[in-house]
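The values are calculated or read from the model by the stated rules, or taken from the named source; none is laboratory data. Keep in mind it's a predicted model, so treat the numbers as computed, not measured. Cβ placement follows ideal geometry from the backbone for every residue including glycine, while neighbour counts extend to all protein chains displayed. Areas reflect the complete protein model, heavy atoms only, side chains present, ligands, DNA and RNA absent. Shrake-Rupley method; radii C 1.70, N 1.55, O 1.52, S 1.80 Å.
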Amino acid sequence: MTNEEYYAFTLATGRSWPLHWSASWLGPFDRPFPRRLACQPVVNVTAEQAQAYCIWSRTRLPTWAEWQRVAAGHTAHPYPWGEAYSSERCNSVESGGGSLACVSQYPCGDSSEGIRQLCGNVAEWVMGPEGTFELRGGSYRLSCEIWGLAYVFRQVEYSFRSPDAGFRVVRH
């Protein structure tokens, strides 16, 4: 989910903004973030906020098994694009970008089903085993060469948020 998509949710529902957004940007940008950040993934959202977005948008978070299957493909690759790591295929420490990338970047890192950025950029909230939440996929702040799709951060606190954690949704 992008900043722009999440902003529409906050406007429609009155829900709070992620911590790093600011009312001071509303004047020059008409958004609580600079326009150039509209296409970046929304971050600093809790699992509860991600769930609230899903209810509002009539979507849902993927389960950990769905996320893993789409990310690794039918043959369980260590990376969405295959067996060999390439820093040109994802936004990670090895890529050297040092910050979030637009969700449309890194098309050469798509999964076999055409799903983008399942490794790097942001870790993503998913529904873990037994209804718990966990983060998957690493981020721009982690080594995706080392972690690949094995990165899993199990977190039971609904209040956890991070500048490199966001979410994607499954549309029914």
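Two numbers describe the Cα atoms of the chain: Rg and Dmax, which are 15.5, 50 Å. Scanning residues 5 or more positions from residue 152 or on other chains, none has an amide H under 5 Å from its amide H, with H placed 1.01 Å from N in the peptide plane.
The magnitude of the dipole of the stretch 53-137, with charges of +1 and -1 set on the Cβ of Lys/Arg and Asp/Glu and taken from the Cα centre, is near 240 debye.
Summing Lys and Arg as +1 and Asp and Glu as -1 over all other residues whose Cβ lies under 15 Å from the Cβ of residue 88 gives a net charge of -1. Residues whose amide H comes within less than 5 Å of that of residue 133, counting only those at least five positions distant or on another chain, are 128, 155 (H built at 1.01 Å from N in the peptide plane). Using the alpha carbons alone, the radius of gyration of the stretch 108-172 stands to its Kirkwood radius in an Rg to Rh ratio of 0.97. Mind grabbing the base-10 log of I(q)/I(0) for the stretch 1-94 at q = 0.22 Å⁻¹? Debye formula, identical points on the C-alpha positions, no solvent, two decimal places. Taking Cα atoms of the stretch 1-94 as identical point scatterers yields -1.09.
With the whole protein complex present, residue 86 retains an accessible surface near 30 Å², based on a 1.4 Å probe.
A convex hull fitted to the Cα coordinates of the stretch 47-137 yields 109 cubic angstrom per residue.
Among 117, 143, 75, which residue has its Cα positioned farthest towards the positive end of the charge dipole of the stretch 44-172, with +1 placed on the Cβ of Lys and Arg, -1 on the Cβ of Asp and Glu, and the dipole taken about the Cα centre? The Cα lying farthest towards the positive end belongs to 117.
Using Cβ point charges alone (K and R +1, D and E -1), the dipole size of the stretch 1-117 about the Cα centre works out to roughly 320 debye. Rounded to the nearest 20, the Cβ-based charge dipole of the stretch 20-80 about its Cα centre (Lys and Arg +1, Asp and Glu -1) stands at 140 debye. Only protein heavy atoms count here; under a 1.4 Å probe, residue 55 has an accessible surface of about 130 Å².
The GluC sites (Glu not before Pro) found in the stretch 17-101 that occupy coil by DSSP, while having at most 16 further C-beta atoms within 10 Å, are 83. Based on DSSP H segments of at least four residues, each scored -39500 (n - 2.57), the chain has a per-residue ellipticity at 222 nm of -6000 deg cm²/dmol. In the context of the full protein assembly, residue 139 retains an accessible surface of approximately 0 Å², using a probe radius of 1.4 Å and ignoring ligands and nucleic acids.
Give the residue from 20, 85, 127 lying farthest towards the positive end of the charge dipole for the chain; charges sit on Cβ (+1 for Lys and Arg, -1 for Asp and Glu) and the dipole is referred to the Cα centre. It is 20.
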